[in-house]
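Note sheet for the following structure.
The values are calculated or read from the model by the stated rules, or taken from the named source; none is laboratory data. These numbers come from a predicted model, not from an experiment. When we count neighbours, we look across all protein chains shown, and the Cβ atoms used for this are built from the backbone with ideal geometry, even at glycine. Protein only, heavy atoms only, side chains kept; ligands, DNA and RNA dropped before computing areas. Shrake-Rupley method; radii C 1.70, N 1.55, O 1.52, S 1.80 Å.
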Amino acid sequence: MNDTHLSQQNTALLLAAITILYNLIEGIVSTTFGAADETLALFGFGVDSFVEVLSGIGIAHMIVRMKKHPIERRDQFEITALKITGTAFYLLVAGLVIGAILSILYQANPETTIVGIIISTISILTMYILYRQKLKVGQALKSEPIISDANCTKTCFYLSFILLGSSVLYEFFKIPYVDALGSLGIAWYAFKEGQEAFEKARTRTLGFADHCCD
């Protein structure tokens, strides 16, 4: 293994660590303010961030294995992490759908969505940078798992726009039920991510089918 290859692997591991740390902080802030301001979309966005932490741990574990020797198949830790991640995404979907229905039935509206605007804007910038860097490293290493992780980060980038849109529409125009609709948009992406996680868990071999959330 040459120095350039090792450096790229170290960069990939650093990006995975940053992703885990960022999503952990984002999850704590989003769920705290989402609950306080009764903003379902922000709260769901925060829970999604926590699930992304689980996914990130699996990716970091995979990169550590890559640093030791070339890999072609997922190990049991990665498969278990994918199943837990997929289950967590499905639970999130159920919670968001039920929450959105109750929100509409009881005509509940957030106190404010300004925090959602701030968090989604920061997330858009952060996720875009992480996506570009992960894609660059994945292509340099010719690693399908890292490229796949980059595509998943791109999904988080799109998810942030849903939160931003619903937050802006409510904060400035007070459009009713837009927070509930935003949470359903997040639920749709979470459902797709759950499907992808279980598909990966069933496919042990790493290859071009390993892309997610394109």
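Only residues that are in contact with an Asp or Glu (Cβ under 7 Å, 6 or more places away or on another chain), β-branched (Val, Ile, Thr) and under 24 Å from Thr112 (Cα atoms) were counted across region 168-209, and they come to 1. What about Asp149, is it touching a Pro at 6+ places or on another chain (Cβ under 9 Å) and crowded, with 18+ Cβ neighbours inside 10 Å? The answer is no for Asp149. In region 115-146, the qualifying residues are those that are at pLDDT 95 or above and among the charged types (D, E, K, R), and the one that is most open to solvent (accessible area, probe 1.4 Å) is Lys136.
For region 3-13, check the following and say yes or no: at least one residue is under 18 Å from Glu196 (Cβ atoms) and either open to solvent by 20 Å² or more (accessible area, probe 1.4 Å) or of a type in the set (A, V, I, L, M, F, W, C) (or both).
So the first thing to find is which residues in region 3-13 are under 18 Å from Glu196 (Cβ atoms), and the list is none.
Within region 3-13 (the criterion being under 18 Å from Glu196 (Cβ atoms) and either open to solvent by 20 Å² or more (accessible area, probe 1.4 Å) or of a type in the set (A, V, I, L, M, F, W, C) (or both)), the answer is no, since none of the residues qualifies.
When you scan region 68-78, how many residues do you find that are buried (at least 17 other Cβ atoms within 10 Å of the Cβ) and outside any loop (DSSP other than H, G, I, E, B)? Of the residues in region 68-78, 1 are buried (at least 17 other Cβ atoms within 10 Å of the Cβ) and outside any loop (DSSP other than H, G, I, E, B). Taken across region 83-103, residues that are touching a helix residue (DSSP H, G or I) at 6+ places or on another chain (Cβ under 7 Å) and under 30 Å from Asn2 (Cα atoms) do not occur at all. Residue count for region 62-87 under the criterion of being touching a Gly at 6+ places or on another chain (Cβ under 8 Å) and closer than 20 Å to Ser49 by Cα: the result is 6. Scanning region 44-67 for residues that are under 10 Å from the mean Cα position of the chain (by Cα) and crowded, with 23+ Cβ neighbours inside 10 Å gives Phe45, Gly46, Asp48, Ser49, Val51, Glu52, Ser55, Gly56. Can you tell me which residue is farthest from Leu21 (Cα to Cα) among those in region 165-179 that are part of a helix (DSSP H, G or I) and open to solvent by 40 Å² or more (accessible area, probe 1.4 Å)? Restricting to residues being part of a helix (DSSP H, G or I) and open to solvent by 40 Å² or more (accessible area, probe 1.4 Å), the top hit is Phe173.
Without any contact (Cβ under 8 Å) to a residue 12 or more places away in the chain, surrounded by fewer than 21 Cβ atoms within 10 Å (Cβ to Cβ), in contact with a helix residue (DSSP H, G or I) (Cβ under 9 Å, 6 or more places away or on another chain) and outside any loop (DSSP other than H, G, I, E, B): which single residue out of Ala35, Ala17 fits that description? From the options Ala35, Ala17, the qualifying one is Ala35.
Listed by first and then second residue, the pairs with beta-carbon distance under 6 Å, at least 6 apart or on different chains, first residue in region 178-200 and in contact (Cβ under 8 Å) with a residue 40 or more places away in the chain, second among the acidic types (Asp, Glu), are Ala190/Asp48.
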